[in-house]
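A.B. asks: Before I ask anything, here is the structure I am working with.
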Amino acid sequence: MESSPSTCSAAPFLVTPATPTGQAPWLLFRMDTPLGQALLVTDEQGRLRALDWHDYETRMRRLLARQYRASLPELHETRQAPDAHAALLRYFGGALHALDNLPVALGGTDFQRLVWLSLRAIPAGQTLSYGALAQRIGRPAAVRAVGLANGANPISLALPCHRVIGSNASLTGYGGGLHRKQWLLQHEHAWPGHQALPLNGTLPGF
């Protein structure tokens, strides 16, 4: 049985029950970014439910269907930019903390939400290994499960799974494409721009 959704706002680990999805459709807004078109899904309260890339739209819809099951509202296209749009523009313009406090709401399991919410404690300009993330949430033996949860993260950038890397500092499994993960880490000054980054696709990721 699926757990009820939870929300995360300014405090990285503040978890409160989300408003039931009801029948109101969620809005899908498409915006241009330096990394291609981004897909922003927001609910009736303006909270991010998903943030993905145009070339992974099928996967985004599949993840949402899996995480919300029978309670998933319809997605309606909109040309009215949500609040997250302005925050993303600031982020890509160099304000690296512009996404830190974006309101989000999550479905998934208790364990998945624990992993996803913990991503907000990784500051821009820093990275963390899957093993270190597992230790941080008190599940040191669950490295693979942490990797799988990271790969099912529905909200890219605002829940910064791109900051999780392999124990050998390789860029493991970013489902939006390893080229995007490399760009994001260099944009955040987590990697020198001239440095050749080891690439590895062994773990699924977002």
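A.B. asks: Of all residues in the range 73-96, which are more than 18 Å from Ile155 (Cα to Cα) and of a type in the set (A, V, I, L, M)?
C.D. replies: Ala95
A.B. asks: With the requirement that a residue be closer than 25 Å to Trp191 by Cβ and open to solvent by 40 Å² or more (accessible area, probe 1.4 Å), what does the range 77-100 give you?
C.D. replies: Passing the criteria: Leu89, Arg90, Gly93, Gly94, Ala95, His97, Asp100.
A.B. asks: Can you confirm whether Gln135 is surrounded by fewer than 18 Cβ atoms within 10 Å (Cβ to Cβ) and touching a Lys or Arg at 6+ places or on another chain (Cβ under 7 Å)?
C.D. replies: It is false that Gln135 is surrounded by fewer than 18 Cβ atoms within 10 Å (Cβ to Cβ) and touching a Lys or Arg at 6+ places or on another chain (Cβ under 7 Å).
A.B. asks: Report yes if Gly173 is under 17 Å from Leu63 (Cβ atoms), modelled with pLDDT under 95 and of a type outside the set (A, V, I, L, M), otherwise no.
C.D. replies: Spelling it out, Gly173 is indeed under 17 Å from Leu63 (Cβ atoms), modelled with pLDDT under 95 and of a type outside the set (A, V, I, L, M).
A.B. asks: Of all residues in the range 23-62 being under 19 Å from Pro103 (Cβ atoms) and among the polar types (S, T, N, Q), which is surrounded by the most Cβ atoms within 10 Å (Cβ to Cβ)?
C.D. replies: Of everything passing the filter in the range 23-62, Thr42 is surrounded by the most Cβ atoms within 10 Å (Cβ to Cβ).
A.B. asks: For the range 63-76, state whether one or more residues are surrounded by 20 or more Cβ atoms within 10 Å (Cβ to Cβ) and hydrophobic (A, V, I, L, M, F, W, C).
C.D. replies: Yes; the residues of the range 63-76 include at least one that is surrounded by 20 or more Cβ atoms within 10 Å (Cβ to Cβ) and hydrophobic (A, V, I, L, M, F, W, C).
The values are calculated or read from the model by the stated rules, or taken from the named source; none is laboratory data. The structure displayed is predicted, hence computed values, not measured ones. FYI the Cβ positions are ideal-geometry reconstructions off the backbone, even for glycines, and counts take in every protein chain you see. Surface areas here come from the heavy atoms of the whole protein model, side chains and all, with no ligands, DNA or RNA. Shrake-Rupley method; radii C 1.70, N 1.55, O 1.52, S 1.80 Å.
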